[in-house]
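What follows is one structure encoded as structure tokens, with my remarks underneath.
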Amino acid sequence: MGKYTEDSKEMLRLIGGKDNIGAVSHCMTRMRFVLNDPKKADVASLEKMKVVKGTFTQAGQFQIIIGNNVADFYNDFTAVAGVEGVSKDQVKKAAKQNQNPAQKIMGALAEIFAPLIPAIIVGGLILGFRNVIDSMAIFHGATLVSQSTFWAGVDKFLWLIGEAIFHTGIPVGICWSVQKKMGGTPMLGIVLGLTLVSGQLCNAYAVAATEAAGWPDSYTWSGSLERSPRRLCR
């Protein structure tokens, strides 16, 4: 018998028995349950157990705080309950059955945009620094860029990176992330994103200033069978 066998038996009873466990895993300090019927769990009694430091429900998971010895407790619990543990990713997937529609939508959006956060942060910092050196008159009443060839070069180089992130990287990244989330082929998402930012399409930032005459009504023919598209607003 393990050190936490009796506590495991008590916890199993209080969460509604083996049949109420949809999935179970653990992290650094917590047991993570996906309960088939969360209402069957006796939360008040669980929190009175000496081994339990607290409980809470998050994103469809019922989590019980055990502490640093959670790995030992987990081994004893799975042995007593007769269930096999799964990975945290599998628990997250199983937990969706306990989420309401709003939580499912927010969860999907979070999974799509979370991988893009580092690029957005870097791009924001770069553009913010550019504003300091090319827009703020902090150098004897003039901008740093206007007074220094070196900083003018830095400003142009930083714009290259910023433009790559916000004009190309973000649209492509969103299409890639959506395709990955939906279980499709990520490469097709990249192709779609690159199509959206193609130089043959109208520059979104130039639409308002483009006169009607600047919009081609169709493809133009050059030569006999070669068809060459006219670039829009570029």
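What to note about this one:
- With all pairs of different C-alpha atoms in the average, the Kirkwood value for the hydrodynamic radius of region 45-163 is 19.5 Å.
- Straight Cα distances below 21 angstrom link K96 to the lysines K18, K39, K40, K88, K104, K180, K181, with same-chain residues fewer than 8 positions distant left out.
- Viscosity 0.890 mPa s, 25 °C: Kirkwood-radius Stokes-Einstein D of region 47-90 over Cα pairs, µm²/s: 209 µm²/s
- Estimated inter-spin distance, A164 and A114, nm [label 7 Å along Cα→Cβ]: 2.7 nm
- Tail weight of P(r) past 12 Å, computed on alpha-carbon pairs of region 128-178, percent: 66 percent
Values in this text are rule-based calculations from the coordinates and carry no lab data. These numbers were taken from a predicted model, which means no experiment stands behind them. Every residue, glycine among them, receives a Cβ derived from its backbone with ideal geometry; neighbour counts consider all protein chains shown.
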